[in-house]
Amino acid sequence: MIQEDAWSALRSFTQARIALGRTGTALPLAETLQFRLAHAHARDAVYSALDIEGLRRGLTPFGLPVYILHSQAVDRHTYLQRPDLGRALDNGSVSQLEGAVNRPSDVCIIIADGLSATAVNQHALPLLQIMIPALLSFNLTIAPLTLLQQGRVATGDHIGQRLQGRLSILLIGERPGLSSADSMGAYLTFQPAPGLTDVSRNCISNIRPEGLALTLASSKIIHLTMESLRLGISGVNLKDNAPLLS
């Protein structure tokens, strides 16, 4: 017989594994199976691949050039074992950006797989469909869009600098949790350049329908973008003081 937990009523407020009940001294079988399924989803997300063709087709309506880039991590196993290689562009990507016809822009948008390409494949395009028109409505210029494979956050600094963006916005899959294998993050960096650390970035995390909704995430990104460009700062010096939206 399954014994209910006294905290069962709290489960409606969170996806965290609380009030699971018990059967004798063990978890109920259904909860054990759900845990194993969630673990499998998290592992699948870590090894998922960026949908390059699907994303490129989805980005076409924006009318911006799209570059397909790759870090120095040649495959997923290398990426997971050598974070340093995921933070730098390979020679082919460097050559692409050096040969790009570009001019200084206000915003450089980078889409990277990170630790969950699943999250990026699901949420990047819907977010950009809200975000890019909003950026353009403020008369901001946008650099060529980039799709980055086997990339980490710091790789965006190299791309942003080479594309001469005043501010880089990196959309990247976050480390999967056992209740959030599809969580995407957005990192904003003013005057991106190699060698910067996370102290120079603003992060908006847990972008997904069950976390931070796309409309609210876009609103926060736009607010921080405008403040960063106005004040010439990002990271710990730039505070998210936007009014709360319901």
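The values are calculated or read from the model by the stated rules, or taken from the named source; none is laboratory data. Here the structure is a predicted model, which is why all the values come from computation and not from measurement. Here the Cβ is made from the backbone with ideal geometry for all residues, glycine too, and neighbour counts use every protein chain on show.
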Subject >> Matching residues in region 96-144 - criterion: being part of a strand (DSSP E or B) and of a type in the set (D, E, K, R) >> reply: D106, D113
**OP:** Could you grab the pairs with beta carbons closer than 9 Å, sequence gap of 6+ or different chains, first residue in region 8-30 and within 21 Å of G211 (Cβ to Cβ) and part of a helix (DSSP H, G or I), second one among the small types (G, A, S) and modelled with pLDDT under 70?
**Re:** L10/A19; R11/A19
**OP:** Test S228 against the criterion of being of a type in the set (S, T, N, Q), more than 15 Å from the chain's Cα centre (by Cα) and crowded, with 21+ Cβ neighbours inside 10 Å, and give yes or no.
**Re:** yes
Subject >> region 145-162, residues that are part of a loop (DSSP other than H, G, I, E, B) and surrounded by 24 or more Cβ atoms within 10 Å (Cβ to Cβ) >> reply: Q150, G151
Original post:
Which of the residues that make up region 212-231 are over 23 Å from P192 (Cβ atoms) and assigned to a helix (DSSP H, G or I)?
Top reply: L214, T215, L216
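Yes/no matrix, rows are residues, columns are (1) over 28 Å from A42 (Cα atoms); (2) of a type outside the set (S, T, N, Q):
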{"site": "N102", "(1), (2)": "yes, no"}
{"site": "I132", "(1), (2)": "yes, yes"}
{"site": "L167", "(1), (2)": "yes, yes"}
{"site": "G185", "(1), (2)": "no, yes"}
**OP:** Assess whether L115 counts as being modelled with pLDDT under 95 and over 15 Å from G165 (Cβ atoms).
**Re:** yes
**OP:** Count, please, the residues in region 162-190 that happen to be free of Cβ contacts under 8 Å to residues at least 60 places away in the same chain and either more than 21 Å from S93 (Cβ to Cβ) or out of contact with any Gly (no Cβ under 9 Å at 6 or more places or on another chain) (or both).
**Re:** 3
Original post:
Which ones in region 174-211 are part of a strand (DSSP E or B) and in contact with a His (Cβ under 9 Å, 6 or more places away or on another chain)?
Top reply: M184, I207
Original post:
Could you count how many residues in region 63-73 are surrounded by fewer than 18 Cβ atoms within 10 Å (Cβ to Cβ) and either touching a Lys or Arg at 6+ places or on another chain (Cβ under 7 Å) or free of Cβ contacts under 8 Å to residues at least 40 places away in the same chain (or both)?
Top reply: 2
**OP:** Could you tell me which residue of region 78-93 is farthest from A143 (Cα to Cα), considering only residues that are out of contact with any strand residue (DSSP E or B) (no Cβ under 9 Å at 6 or more places or on another chain) and either of a type outside the set (A, V, I, L, M, F, W, C) or surrounded by 15 or more Cβ atoms within 10 Å (Cβ to Cβ) (or both)?
**Re:** Q81
Subject >> region 74-89: number of residues that are among the basic types (K, R) and free of Cβ contacts under 8 Å to residues at least 60 places away in the same chain >> reply: 1
**OP:** Among the residues of region 56-96, write down those that are closer than 12 Å to L148 by Cα and among the acidic types (D, E).
**Re:** D90
Subject >> Residue ID - farthest from A124 (Cα to Cα), chosen from residues in region 37-95 that are of a type in the set (F, W, Y) and not in a helix (DSSP H, G or I) >> reply: Y47
**OP:** Mind listing just one residue for me: the one in region 193-220 that is more than 25 Å from T14 (Cβ to Cβ) and in contact with a helix residue (DSSP H, G or I) (Cβ under 6 Å, 6 or more places away or on another chain) and, of those, surrounded by the most Cβ atoms within 10 Å (Cβ to Cβ)?
**Re:** N202
**OP:** Taking N91 as meeting all but one of (1) at pLDDT below 95; (2) out of contact with any Leu (no Cβ under 7 Å at 6 or more places or on another chain); (3) among the polar types (S, T, N, Q), write down the number of the exception.
**Re:** (1)
